């Protein structure tokens, strides 16, 4: 997306939780992180991250002032949802009464597994390629909700077994330049950083 | 009952920090200098540590701001999860730790004094970010909870207390055996076996790691094993440890 020099990556501020880890990771790959508070901020960045902090309702309340602009930006600037940020792209969640962005069919459920929350490193299996540059391997998860037992077809490309069910772990919608990971790339060592790098490279195209 | 074997077990180096220096004691006393927090943290990430813990052992007002600076520096240097604990008395301290770059906070004494803090923290930050640390010592065949850095005994039974904080919304437990701490004689396996039966949230075992087989034993019951001096002093290399565990059937990230 014709960006030369330092890529500005906007991290949407839901007003709760901490985005320090994402800022640190973006700085490490030499991108410039910016906090997005309003529509003008959203228009000024080259890529957008919906972070994984707070709860479904609190995030949607804060996001409501940005949704129209987000829908406009979507498709031109790459958008990456992380953890809760991915969940917000669906119709709704067991975690809250508010509706999600509704970009994808599906519902976010409370996970059932040997242990909830699902905390720690887990294996992501890929069923297709993603231009974000996601590799199969171990990533860091930290969540109690997820899209459970999704269909195995694009834009759903990454999956993780948890207990008896399968969790959607990577969404890759190249047509709309919209991506999501249920795990935290900013906490997943080198493999994670390469996903953030992929986002930055897409913004450069 | 053992823990579900399908889950990936974590290896967590823990750094006790005093005035921006990593130190380590034996049975919570007699501190020795171990090194620079950022250098150690980077080395551990490189070796394959799954997560890091930073504990503030000064807990004075002045020491506090120095410690938060350490948290900021370490958080900026690594891209694996960072837990922060020691001296977190309430929401403000937790907030400061998260702002400095912590992904989780561990709370100990303050939770015993006012258990409602666990529920408040978990509502605000999500239970996955709230670790309750329990320091315990075996007394008359039960595990008694100690607070104030192991200095004060309480009437609480550690297994009961673990259940209570799980109900309040703790996302994880970091359970240290004071008896085993720094001895390198092995984890208190019986303690973690009991806890595995008692709670459904992840349990991090701490205290007593001396050799690779100690990790193998405890990870049958605990979800993660934390250790300090064996890593700081180079007695155990994390990548070699994980290869050993993997060979013997423990699922780890390699």
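Would you check if residue A:158 is under 20 Å from residue B:253 (Cβ atoms), within 11 Å of chain B (Cβ to nearest Cβ) and at pLDDT 95 or above? So residue A:158 fails the test. Condition test on residue B:71, is it surrounded by 17 or more Cβ atoms within 10 Å (Cβ to Cβ), touching a strand residue (DSSP E or B) at 6+ places or on another chain (Cβ under 6 Å) and more than 11 Å from every other protein chain (Cβ to nearest Cβ)? So residue B:71 fails the test. Against the definition (in contact with a strand residue (DSSP E or B) (Cβ under 8 Å, 6 or more places away or on another chain) and closer than 19 Å to residue B:159 by Cβ), how does residue B:197 come out, yes or no? Here the answer is no, as residue B:197 does not meet what is asked. Restricting attention to segment B:140-185 and to residues that are within 14 Å of another protein chain (Cβ to nearest Cβ) and in a loop (DSSP other than H, G, I, E, B), the residue that is farthest from residue B:227 (Cα to Cα) turns out to be B:169.
Filtered by the rule that a residue be buried (at least 18 other Cβ atoms within 10 Å of the Cβ) and in a loop (DSSP other than H, G, I, E, B), segment B:76-93 gives B:78, B:79, B:80, B:81, B:86, B:87, B:88. The criterion of at least 1 residues that are more than 12 Å from every other protein chain (Cβ to nearest Cβ) is met, among helices (runs of 4 or more DSSP H) falling completely within segment A:4-119, by A:39-43, A:56-63, A:67-73, A:84-87.
Only one of the listed residues (B:112, B:118) is away from chain A (no Cβ under 14 Å), part of a helix (DSSP H, G or I) and within 23 Å of residue A:57 (Cα to Cα). That residue is B:118.
The values are calculated or read from the model by the stated rules, or taken from the named source; none is laboratory data. Keep in mind that what you see is a predicted model, and the values were worked out from it rather than measured. Backbone-built Cβ (ideal geometry, glycine too); neighbour counts: all protein chains shown.
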